[in-house]
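**Student:** Got a structure for you, questions after.
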Amino acid sequence: MHEYSVASELVSSLLPVLKQHHGAVKRVFLKKGELRILSDRALANAFDVMKQGTPLEGATLCIEAVAAHVVCDACGFEGAPEHLSDEAMHFSVPILSCPRCARDVRVTQGRELFVDRLTLDVQSGEEHETASGSAAHG
Amino acid sequence: MHDVRFSGEDILARQLELAQANHDLFRAKGVRAFSVMGAIGSGKTTLIERLVDRLRQQDLHVGTIAADSAGDDDHRRFLSRGARSVNVNTQDDCHLDAHTVSHAVESLPIDDVGFLFIENVGNLICPADFPLGTESEVVVISVTEGDDMVRKHPKIFAQSDVVVLNKLDLADAVDVDPQRIVADYAEINPHGKIVLTDAKHERGIDELMSALDLPCTNTP
């Protein structure tokens, strides 16, 4: 259950950013690489516990998957790896090997875990600049 | 509604920075560090004892960090083998993290340690997302956990560079075919190394030493 450690880091990383914004946080969009060994359900549950008593209290965690991407230094292949899937056993796992020449590959995408954006419920007409990125009405 | 975009810094960036700091320290001090993770009862401690023995026979200086929820049984075992050891109780935490390791390392005479084995909490899943800054990670499983172990945890094995399949002596008793585990692993991780051991009876230890590129007495 290391999802609690992750949710705790998630909440504590967002709190300083929220001080620069007005309005209630409605949704937190999290990008999660497919190689991460984290349960979406456990992470959402952990977030619901860790957010209590913080400005994130009314927020829902939305987890968006990031597909793995590999680079082969031997043949120059860049793209998605093949997957080993077993529907009966409920898994589909990227094979970290070059789909073209079967050599070892570098992973360039698929291990990330970051907050991509937040949705804030603001009073009409308000707009805020952010320290970490641009703000836009959604 | 109003969307605020982020710069995309990893939530675990702090963990990665701490792991990098450990890595830099190990490199600066000439310490070769290995993280050993795996399920409860897979034989992590016995395997590390065997590695410590072989290095100590060559008068090499070995450190260990023994992590368990509670107690110091593993720590005492390492001390009795001549390792410099630090005991870490993670209490309710299911994994070690780089910060805890950095404090444990402060308690070690690091200038006098050439090889460091960090035994993680017995848990196959959680430690995988928390790098400690070691040069490699070893995942230990045993035949007693069943021959479908790789298929049950495909994501971990797809990313594990060195896997040890231990307790080979018990394979017949628990009706497990080790070759099935080897074949599953080769399918899911074509570039990984799997070493078959029976740590209790000292089988496969030299192969593990060479898989980890550790100095062996019988190699010139």
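**Student:** Hand me the trypsin sites (Lys or Arg not before Pro) from region A:5-98 located in a DSSP loop with no more than 15 other Cβ atoms within 10 Å, in residue order please. Display every interim value, and only then the final one.
**Tutor:** Working: sites: A:K19, A:K26, A:R27, A:K31, A:K32, A:R36, A:R41, A:K51; in loops: A:K19, A:R36, A:K51.
Passing both the DSSP loop test and the Cβ count: A:K19.
**Student:** Which order, highest average first, do B:115-126, B:84-95 follow once you tally other Cβ atoms within 10 Å for each residue and take the mean per peptide?
**Tutor:** On the way: B:115-126: 23.6, B:84-95: 17.7.
Output ranking for B:115-126, B:84-95: B:115-126, B:84-95.
**Student:** A further question on this structure: For an R0 of 51 angstrom, estimate the FRET efficiency from the Cβ-Cβ distance between A:D86 and A:H22 and round to the nearest 0.05.
**Tutor:** 0.60
**Student:** For chain B, just give the cysteines left without a disulfide-compatible partner, judged by no other Cys Cβ under 4.7 Å.
**Tutor:** Singleton cysteines: B:C216.
**Student:** Using a 10 Å cut-off around each Cβ of peptide B:125-132, what is the average number of partner chain Cβ atoms that fall inside?
**Tutor:** Counting other chains' Cβ atoms within 10 Å and averaging over B:125-132 gives 4.
**Student:** Given the pairs B:K155/B:K200; A:K26/A:K51; A:K31/B:K155; A:K26/B:K155; A:K51/B:K155, which are separated by over 20 angstrom at their Cα positions? Kindly include the intermediate steps, with their values, before the conclusion.
**Tutor:** Values: B:K155/B:K200 29 Å; A:K26/A:K51 12 Å; A:K31/B:K155 18 Å; A:K26/B:K155 32 Å; A:K51/B:K155 29 Å.
Among B:K155/B:K200; A:K26/A:K51; A:K31/B:K155; A:K26/B:K155; A:K51/B:K155, the Cα-Cα distance tops 20 Å for B:K155/B:K200; A:K26/B:K155; A:K51/B:K155.
**Student:** If you take each beta carbon of peptide A:14-21 and count the beta carbons of other chains within 10 angstrom, what is the mean?
**Tutor:** 1
**Student:** I've got another one for you. Quick check on chain A: helices-only [θ] at 222 nm, where DSSP H runs of length 4 and up contribute -39,500 (n - 2.57) each and the sum goes over total residues. Nearest 500, please.
**Tutor:** The helix-only estimate for chain A comes to -6500 deg cm²/dmol at 222 nm.
**Student:** Summarise the partner chain shielding of A:110-121 as one whole number: the mean count of Cβ atoms from other chains within 10 Å of each residue's Cβ.
**Tutor:** Details: counts 1, 4, 5, 5, 8, 8, 5, 5, 5, 4, 4, 2.
Mean partner shielding for this stretch: 5.
**Student:** Compute, for chain A, the length of the dipole vector about the Cα centre, with Cβ point charges of +1 (Lys, Arg) and -1 (Asp, Glu) only. Units Debye, rounded to 20. Before the final figure, lay out the partial values.
**Tutor:** Working: 13 positive and 19 negative charges, 31 e Å.
Taking the Cα centre of chain A as origin, the dipole is about 160 debye.
**Student:** I would also like to ask the following. Report the normalised scattering of region B:135-212 as log10 I(q)/I(0) at q = 0.13, 0.19 Å⁻¹, calculated by the Debye formula with identical scatterers on the alpha carbons.
**Tutor:** Results for region B:135-212 at q = 0.13, 0.19 Å⁻¹ read -0.34, -0.74.
Here, each number is a calculation from the coordinates, and none is a lab measurement. From a predicted model like this one, the values you see are computed outputs, not experimental measurements. Positions of Cβ are backbone-derived with ideal geometry, glycine not excepted, and every protein chain shown enters the neighbour counts.
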